[in-house]
Ligand SMILES: Nc1ncnc2c1ncn2[C@@H]1O[C@H](COP(=O)(O)OP(=O)(O)O)[C@@H](O)[C@H]1O
Ligand SMILES: [Mg+2]
């Protein structure tokens, strides 16, 4: 195991459970302690070319948490380049969508995702990677939990809501938009896509 991770876990009284993912700039691990249960440790890779990923993610996640969005930030160790956060036990949005939720369930999900996107717009935090393959949105108990704030920014123009709209309803080549349209029905999807 990486010595940075090993030290961090020992300091916090945590145990390694397993590796969740390996991305371009980070490694994501499932860890655990005796009382609080499972948590996620996201560690900046030593060869990461992203500037100050751990600082940025910690700062942005904290802002998102201030309006109840994202997994709760539990700790950060900027020397070890690791942040510790709540574990979201659920599939990615795309896996969940293609498992075929019913119309009512998807409608509720979409309403809540739109609400969260607007809340992020309101505090001026642009997530930056909400669209794509739907991997940065996890689904817990039918509700969206937005993750991966490492490329979020308070300096960019905020357009979370319009990005979510395009991703869910308008992207003409998007398998996601197509599936959403199939489940909600074209008429309903177009009413939704007009937003508030
Ligand atoms: N808090 C979390 N709870 C559960 N799984 C998570 C959590 N954070 C990240 N993951 C998992 O790890 C993957 C990579 O994390 P992410 O923050 O998106 O990093 P990357 O910058 O590498 O995309 C996610 O797609 C998700 O499967
Ligand atoms: Mg990601």
Q. Which one is modelled with the highest pLDDT among residues in the stretch 133-142 that are more than 9 Å from ligand 1 (Cβ to nearest atom) and under 12 Å from residue 164 (Cβ atoms)?
A. 137
Q. Any residue in the stretch 28-43 that is closer than 17 Å to residue 154 by Cα and in a loop (DSSP other than H, G, I, E, B)?
A. no
Q. Can you name the number of the only condition in (1) part of a helix (DSSP H, G or I); (2) within 16 Å of ligand 2 (Cβ to nearest atom); (3) over 20 Å from residue 169 (Cβ atoms) that residue 69 fails?
A. (1)
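The values are calculated or read from the model by the stated rules, or taken from the named source; none is laboratory data. Here the structure is a predicted model, which means the values were calculated and not measured. A quick note on method: Cβ atoms are made from the backbone with ideal geometry, for glycine too, and the neighbour counts reach across all protein chains shown.
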